[in-house]
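The values are calculated or read from the model by the stated rules, or taken from the named source; none is laboratory data. From a predicted model like this one, the values you see are computed outputs, not experimental measurements. So basically every Cβ, Gly included, is an ideal-geometry build from the backbone, and we count neighbours across all protein chains shown.
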Amino acid sequence: MYKIKDVETRIKNDGVDLGDIGCRFYTEDENTASIRIGINDKQGRIDLKAHGLTPRLHLFMEDGSIFKNEPLIIDDVVKGFLTYKIPKKVIKHAGYVRCKLFLEKEEEKIHVANFSFNIVDSGIESAVAKEIDVKLVDDAIMRILKDNATDLLNKDFKEKIDKDVISYIEKNESRFKGAKGDKGEPGQPGAKGEAGKKGEQGAPGKNGTVVSINPDTKMWQIDGKDTDIKAEPELLDKINIANVEGLEDKLQEVEKNKEATL
């Protein structure tokens with residue numbers, strides 16, 4: 001069971017308005033409402049495929065919703081005949097519907113017809129939200145970005161639309177990404193940075209022992225205290241000191257080795 005309305009259009013130079021085509025669909029006519037459109041010129045029906053023509057249908061709903069480039073079926077048997085099956089997303093918007101039909105071919109475009117019809121509320125659905133085709137929004141944003149069109153707006157409205165556009169782009173970032181560019185050439189090496197500040201001296205190690213030579217007495221020192229052993233640093237190479245335990249005894253061995261070699 002289907003509800004079908006046939007409409008004949010004619011391409012001419014004295015107007016394209018057909019007015020109300022005299023049909024009433026209902027919001028519950030889901031996937032059952034269609035409009036069939038015949039396209040003619042002075043010679044009769046136009047073979048759209050033979051002429052490489054693409055039909056475009058735009059709908060403007062009473063609630064402010066907009067649907068652009070609605071899908072049309074070109075009849076393969078009857079030339080110059082289109083079918084528009086009204087989808088669920090459209091039929092749910094009750095009210096007066098204004099339609100605009102165009103034909104396009106490469107750089108050419110012609111306005112074929114304006115017509116209207118009504119969608120009546122079946123009375124069993126809650127109110128639906130206003131809708132605008134996503135592609136229409138994307139196209140508008142791209143024009144704003146490309147042409148800097150916001151410069152033509154007053155300040156308050158410009159600030160609002162700037163925020164709205166930025167918010168939409170942030171939420172739909174993937175829609176506005178361009179193609180990935182070619183890899184660039186490596187940049188020149190940057191200038192050498194300044195030397196950093198000297199760090200703070202660390203705390204002494206656990207149980208650490210400092211061995212040094214007193215420059216005045218020339219005696220070995222352990223943790224800053226003189227021993228009674230004269231410093232002979234070169235003789236340390238002869239002693240295997242595994243750790244610092246008994247260091248003073250080891251130094252005594254150095255002294256004995258020194259005496260033995262004399």
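Residues in segment 22-35 that are of a type in the set (Val, Ile, Thr) and part of a strand (DSSP E or B): Ile35 alone. Looking across segment 1-16, the residues that are surrounded by fewer than 16 Cβ atoms within 10 Å (Cβ to Cβ) and part of a loop (DSSP other than H, G, I, E, B) come down to Met1, Tyr2, Ile11, Lys12, Asn13, Asp14, Gly15.
Just the residues that are in contact (Cβ under 8 Å) with a residue 40 or more places away in the chain and under 13 Å from Leu103 (Cα atoms), please, taken from segment 47-80. Listed by number, the residues that qualify are Leu48, His51, Gly52, Leu53, Thr54, Pro55, Arg56, Leu57, His58, Asn69, Gly80.
Once segment 55-77 is narrowed to residues that are in contact with a helix residue (DSSP H, G or I) (Cβ under 7 Å, 6 or more places away or on another chain) and outside any loop (DSSP other than H, G, I, E, B), the residue that is surrounded by the fewest Cβ atoms within 10 Å (Cβ to Cβ) is Ile66. Just one of the listed residues (Gly38, Gly19, Gly52) is outside any strand (DSSP E or B), assigned by TED's automatic domain parsing to the domain that holds Asp121 and of a type in the set (Gly, Ala, Ser), namely Gly52.
Across segment 78-122, which residue is surrounded by the fewest Cβ atoms within 10 Å (Cβ to Cβ) among those that are in a loop (DSSP other than H, G, I, E, B) and among the β-branched types (Val, Ile, Thr)? If we take residues in segment 78-122 being in a loop (DSSP other than H, G, I, E, B) and among the β-branched types (Val, Ile, Thr), then Val78 is surrounded by the fewest Cβ atoms within 10 Å (Cβ to Cβ).
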